Ligand SMILES: [Zn+2]
């Protein structure tokens, strides 16, 4: 009998805000020492009143817009009560009754086929702190306490681990692109709800939840292994499945029970009387919408209409940073196709050679545009342009003075170029002989010698032309 997997995801994402969700403490990434970023509000001191971070609300709305959600313009915060040492207030402030975004829809693509995954809701909540265990004690660090998160809850619409991975990859690039989250290592964590049922059945099987997963490789393995465990339990009665929370062991490559799954009643959700409801009026909503970047597919379409190939358009649009640089030079009047060539061939080549990730590229678009213009006008050769671009990317030099100081300006002095070519011919008699005997490629050695002597400052076309004239 065939089985069908039924998977729903809850993904926690840390928002890119300057401060925490209800106080002005900086986020944990700005901390140097444990408990650096802590104040009476986020460490749960009695009597402190929280103030909602406006930017966190805006980022959550943006996430909702990206995932085609309905935005609840009246949204409230609630208390989720539980005790754990990393939760100083003994409750987490989250959204239960009126989450900020609901009823979204997102496409996932696997092997060329597109399926739609429903988004049940997105809610804003605060993160917990961190426990550090030593040999004889456990220490608590509240730097992360109350850092703003969104939790994106899907409907149980996934049918395979491949769909889950495709969704998470797309989600990550969407969130990074819109500046909602940097999605750094560990800043995007998933809880996976999984059950299996006989194919064609409408009834859901027993559901287990695998907590706190962040690596895509582990997520894929965990889903596949958990599915096998469920099917074995059903078919071969290896164990009795119970609804519970489990953890994935990355060494033993299987899940282990953590605790029985809590139900909502265990958390005693109730409206947090300290946090005022947030009303997102039409004007504010319009401002947030106006601030949304073009989506990746809109960017791809735009680039293709400007003459880029599909491959170029995809490469430029996939990375928000590259896309911003490309838009920047196009806005300075550089033709899109030319700019894309410089950025995606020369630029990415330089990054690869120097082990720099495209997202970390810092490139002043004025300087970049200067280089492309100078090459277009023949003031520098493409080769020299690449040398200057490297210096701009690595040391942020001024391209114009760099060219002068390093004699990279193109050789328009035809007599000088002629004399260099003549010398190259004289110094390579064997190559010239071979060339005359019909070995076309032999001339490359002579060309290379002249190019080296001129240090790439003369146009290759000019050297070629002079070479052929002078040999014959
Ligand atoms: Zn604080």
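The values are calculated or read from the model by the stated rules, or taken from the named source; none is laboratory data. Everything quoted here is computed from the prediction, not taken from an experiment. Heads up, the Cβs are rebuilt from the backbone with ideal geometry, glycines too, and the neighbour counts pull from every protein chain shown.
For region 26-47, which positions are over 16 Å from residue 131 (Cα atoms) and not in a loop (DSSP other than H, G, I, E, B)? Within region 26-47, 26, 29, 30 meet the criteria. Restricting attention to region 155-174, the residues that are under 9 Å from the mean Cα position of the chain (by Cα) and farther than 17 Å from residue 215 by Cα total 1.
Screening region 124-146 for residues that are closer than 30 Å to residue 107 by Cβ and in contact with a helix residue (DSSP H, G or I) (Cβ under 9 Å, 6 or more places away or on another chain) and picking the one that is surrounded by the most Cβ atoms within 10 Å (Cβ to Cβ) gives 124. Residue check: residue 221 meets all listed conditions (1) touching a residue at least 24 places away in the same chain (Cβ under 8 Å); (2) touching a helix residue (DSSP H, G or I) at 6+ places or on another chain (Cβ under 7 Å) but one, namely (2).
Tell me which residues, restricted to region 3-22, are near the ligand (Cβ under 9 Å from one of its atoms) and surrounded by fewer than 22 Cβ atoms within 10 Å (Cβ to Cβ).
Here is the first cut: in region 3-22, the ones near the ligand (Cβ under 9 Å from one of its atoms) are 19-20, 22.
Correct list: 19 only.
Cβ-Cβ under 7 Å, sequence separation 6+ or interchain: first residue in region 34-48 and on the phi < 0 side of the Ramachandran plot and within 10 Å of the ligand (Cβ to nearest atom), partner modelled with pLDDT of 85 or more and not in a loop (DSSP other than H, G, I, E, B). Which pairs? Listed by first residue and then by second, the contacts come to 37/26. Here residue 224 clears all of (1) crowded, with 16+ Cβ neighbours inside 10 Å; (2) under 18 Å from residue 256 (Cα atoms) except the condition numbered (1). Residues that are near the ligand (Cβ under 10 Å from one of its atoms) and more than 18 Å from residue 92 (Cβ to Cβ) within region 49-60 are absent altogether. Check whether at least one residue in region 226-244 is assigned to a strand (DSSP E or B) and touching a strand residue (DSSP E or B) at 6+ places or on another chain (Cβ under 9 Å), and report yes or no. Yes, region 226-244 contains at least one residue that is assigned to a strand (DSSP E or B) and touching a strand residue (DSSP E or B) at 6+ places or on another chain (Cβ under 9 Å).
Residue 26 meets each of the listed conditions (1) within 28 Å of the chain's Cα centre (by Cα); (2) farther than 30 Å from residue 200 by Cβ; (3) surrounded by fewer than 19 Cβ atoms within 10 Å (Cβ to Cβ); (4) more than 12 Å from the ligand (Cβ to nearest atom) apart from (4).
In region 73-86, the count of residues that are within 23 Å of the chain's Cα centre (by Cα), farther than 17 Å from residue 148 by Cβ and more than 15 Å from the ligand (Cβ to nearest atom) is zero. Quick check on residue 70: is it surrounded by fewer than 15 Cβ atoms within 10 Å (Cβ to Cβ) and away from the ligand (no atom under 16 Å from the Cβ)? Spelling it out, residue 70 is indeed surrounded by fewer than 15 Cβ atoms within 10 Å (Cβ to Cβ) and away from the ligand (no atom under 16 Å from the Cβ). Look at (1) touching a residue at least 60 places away in the same chain (Cβ under 8 Å); (2) within 31 Å of the chain's Cα centre (by Cα) and you find that residue 275 fails only one, number (2). Region 350-423 holds helices (runs of 4 or more DSSP H) entirely within its bounds, and those carrying 1 or more residues that are closer than 30 Å to residue 181 by Cα map to 365-376, 382-395.
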